[in-house]
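What follows is one structure encoded as structure tokens, with my remarks underneath.
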Amino acid sequence: MEGEQTENLLANRDIEEIEEEEMKLKEKIWSETKKMWKIAGPAIFTRLSTFGISIITQAFIGRIGSIELAAYSLVGTVLLRFGNGVLIGMASALETTCGQSYGAKQYHMLGIYRQRSWILLFSCCLLLLPMFFFATPILMALGQDPEISRVAGHISLWLIPILFSYIPSYTCQMFLQAQTRNNITAYLAAFSLSFYLLLSWLLTVKYKFGVHGAMLSAILAYWILNLGQLLYVICGSCSETWKGFSMLAFKDLWSIFRLSLTSGVMLW
């Protein structure tokens with residue numbers, strides 16, 4: 001009898017230990033999930049918001065006319081998406097370098113890496129500019145309708161400020177994400193999207209400024225987000241990781257370029 005009781009006690013104790021371990025495992029999983037969504041949630045919302053601006057722009061331009069819609073679809077979904085893909089691919093290297101520097105407590109290097117990424121992405125944008133300047137002859141050479149090609153060439157010039165807006169946008173998002181401070185980016189993205197919807201309605205529907213109104217609204221929405229992020233970083237909220245502009249940004253650019261190029265090819 002005593003042996004059976006001892007075995008039962010041991011069995012109950014084993015069951016209790018297993019249940020405790022299961023509870024601890026669930027708590028750990030829940031804790032890690034919350035930490036993950038604290039970083040990923042704002043990043044996902046910001047990307048969806050910035051992508052939504054492009055989709056909404058297409059919807060507003062569709063109200064203007066079929067030729068304008070076809071023209072925007074050509075340059076917006078081809079040129080701008082291509083430029084966006086190249087830049088976000090190369091900017092993804094900043095996610096690695098900033099994460100490693102922050103983990104190693106080399107906080108000042110986050111600002112340096114960000115400035116190096118600015119230089120590389122700006123150079124990349126300059127190389128992409130001919131596609132936007134010569135969109136009309138390129139589309140006509142590919143057999144597109146001359147009228148659509150002409151309007152597409154006009155719209156492509158409006159897309160240049162949006163292309164350059166990706167430089168501070170993506171680099172700032174990854175810079176803040178490495179410090180788990182990307183909530184501010186989500187708030188700014190929500191504000192810029194709301195502002196964009198109101199301004200687009202005013203300029204394209206109410207006052208009927210046509211393509212000019214739609215594109216101006218999109219440009220302002222992108223740059224409002226960037227201005228808010230830059231002010232947040234520069235005005236002291238990231239005093240440990242942003243020490244101001246430095247000539248060190250021009251050092252070791254080749255190694256950062258190779259990492260950025262590898263990251264871009266991997267994402268493509």
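Residue check: Y107 meets all listed conditions (1) surrounded by 13 or more Cβ atoms within 10 Å (Cβ to Cβ); (2) under 20 Å from the mean Cα position of the chain (by Cα); (3) more than 25 Å from A189 (Cα to Cα) but one, namely (2).
The combined condition, being loosely packed, with under 15 Cβ neighbours inside 10 Å, of a type in the set (S, T, Y) and either touching a residue at least 12 places away in the same chain (Cβ under 8 Å) or at negative phi (or both), is fulfilled by S123. Take the conditions (1) over 15 Å from the mean Cα position of the chain (by Cα); (2) within 20 Å of E95 (Cα to Cα); (3) surrounded by 21 or more Cβ atoms within 10 Å (Cβ to Cβ); E240 misses just one of them, which is (3). Taking every residue in segment 191-206 that is closer than 12 Å to I224 by Cβ and pairing it with any residue that is surrounded by 14 or more Cβ atoms within 10 Å (Cβ to Cβ), at least 6 positions away or on another chain, the pairs with Cβ-Cβ distances below 6 Å are S192/A221; S192/I224; S192/L225; L193/S49; Y196/I53; Y196/S217; Y196/A221; L199/S217. Are any of the residues in segment 84-95 closer than 30 Å to V205 by Cβ, open to solvent by less than 20 Å² (accessible area, probe 1.4 Å) and part of a helix (DSSP H, G or I)? Among the residues of segment 84-95, not one is closer than 30 Å to V205 by Cβ, open to solvent by less than 20 Å² (accessible area, probe 1.4 Å) and part of a helix (DSSP H, G or I), which makes the answer no. Taken over segment 243-263, residues that are in contact (Cβ under 8 Å) with a residue 40 or more places away in the chain, open to solvent by less than 100 Å² (accessible area, probe 1.4 Å) and not hydrophobic (A, V, I, L, M, F, W, C) amount to 6. Applying the condition of being surrounded by fewer than 16 Cβ atoms within 10 Å (Cβ to Cβ) and touching a residue at least 40 places away in the same chain (Cβ under 8 Å) to segment 53-81 and asking which residue is farthest from Q229 (Cα to Cα) yields I67.
The values are calculated or read from the model by the stated rules, or taken from the named source; none is laboratory data. Computed from a predicted model, the values in this text were never measured in an experiment. In this analysis, Cβ positions are derived from the backbone assuming ideal geometry, glycine residues included, and neighbour counts consider all displayed protein chains. For accessibility, only protein heavy atoms count, side chains too; no ligands or nucleic acids. Shrake-Rupley method; radii C 1.70, N 1.55, O 1.52, S 1.80 Å.
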